[in-house]
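Nothing in this text is a laboratory measurement; each read-out follows from the coordinates by a stated rule. If you're wondering where the values come from, they're calculated on a predicted model, not measured in any experiment. Positions of Cβ are backbone-derived with ideal geometry, glycine not excepted, and every protein chain shown enters the neighbour counts.
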Amino acid sequence: MITFGDYIQPKSVDEAYESLISKKSARLIGGGCFLRMGNRRIGLAIDLSQAGLDYIKDAGEEIEIGAMTSLRSFETSELLKEHFGYMIGDSVKHIIGVQLRNIATIGATVYSKYGFSDPITALLALDADICLYQGGRMALGDFLKEVGHRRDVLEKIIIKKSNKRGSFQTLRNSQVDYAILSVAVVDDEKGIRISIGARPGRAALAIKAMEYINSKGLCEEIASKAGEIAAEELHYGSNNRGSGAYRKELSKILVKRALLEVSK
C-alpha cells in the first residue's frame, strides 16, 4: 500500500520542480495508475495535474505533447492521426481499457521508461525528443539509455512532422494483456527506423537492420533479411509471457510485416 506524507498540486512546472528538489522523499505523480501496486511511503507527493501539461498542439514543424496528456487523448488526437496515420493509435489501443487510458499519461509512461510500453516503442521509431525542465531537450533514445531516473520534470514530448509512414505491430496473449513483443517502423525522408520493445526490456533501435535496409532499398526479400538482422542484434529475454527464443523468432516476423506495410 502506498501512503503519502504531504500532497500538493503545483500550478506550474517551476513550482513542481522546486518542490521535487526540496525533499529527498518527494515524488512526481502523473496519472498514478500503478501506485496501488507499490508498498512504500512517499514523503511528498507532487501531483502534476494542475501544472498546465495537458495538451497536444501544432508547433510549426513539430507537434508538442504535454506530459500530462492522457493515453486516450494521445490515441484519439486528430492532429497526431493527420501527421502520423494510425501508428500512434495502434500503439495505445490495447492498453487495458478506455477507463485506464483516460487516467494514465504519456509523460508518466515515458519518464518511467517502462520496458513493456508500446507507446515508447512507437515514439522511438518516430525519432521523438523529450523536453525536461532542468535537462532541456534531448533525443528520447538517449534518455532511454540512461541508467536510473533523473530528478527532473518531464514537460513534453516533441515529434517532428516530416513525411512519415509508420506501422506498429504487436503480439499479445490476449487483447488487453501486455505485449509479448512490439515493433514500430517509420519511413521518412531520413530513411527507415526500426524500434523493438517489450523484449521485455526497454525499446531500442535495431541499428544494424536499419543500416542494412537503408542501403538496399525495400522489397520482401530485403525485409526478411532485415528482420533476421534485428533478431540477432538485440537481446530478447524471458518472462511469464514468452521466452527469449520465442521473442527472437517473433521479431523476424513482426519486423518484416511492419516494413512491408510502410512500403505500400
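Some points to look at:
- Zone residues, the stretch 88-119, relative to residue 246, backbone N less than 17 Å from point 7 Å out along Cα-to-Cβ: 116
- The ellipsoid equivalent to the alpha-carbon distribution of the chain has semi-axes of 32, 20, 16 angstrom, derived from the gyration tensor eigenvalues as √(5λ) and listed largest first.
- Residues whose placed amide H lies under 5 Å from that of residue 23, excluding near-sequence neighbours: none
- Local net charge near residue 116, Cβ-Cβ under 14 Å (Lys/Arg +1, Asp/Glu -1): +4
- Placing a label point 7 Å from the Cα of residue 58 along the Cα-to-Cβ direction, the residues of the stretch 161-189 whose backbone N falls under 14 Å of that point are 161-162.
- Cα-projected label distance for residue 102 with residue 24, points at 7 Å along beta-carbon direction, nm: 4.1
- Radius 9 Å from Cβ of residue 95, net charge of other residues (Lys, Arg +1; Asp, Glu -1): 0
- Whole-Å semi-axes of the stretch 1-139's equivalent ellipsoid (Cα gyration tensor): 26, 18, 13
- Each of 28, 44, 234 was scored by other Cβ atoms within 10 Å of its Cβ. Arranged with the fewest first, they read 44, 234, 28.
- Springs join every pair of Cα atoms under 10 Å in this Gaussian network model of the chain, and among 66, 43, 166 the largest mean-square fluctuation is at 43.
- Gap separating the Cα centres of the stretch 180-244 and the stretch 3-29, nearest whole Å: 39
- Using the Cβ-Cβ distance between residue 162 and residue 138 with R0 = 25 Å, the FRET efficiency computed as 1/(1 + (r/R0)^6) comes to roughly 0.85.
- Rounded, prolate or oblate (a/c below 1.5 giving rounded, otherwise prolate when a/b exceeds b/c) for the stretch 201-264 by Cα gyration tensor: prolate
- Residues in the stretch 187-208 reached by a label modelled at residue 235 [backbone nitrogen below 20 Å; 7 Å Cα→Cβ]: 195-208
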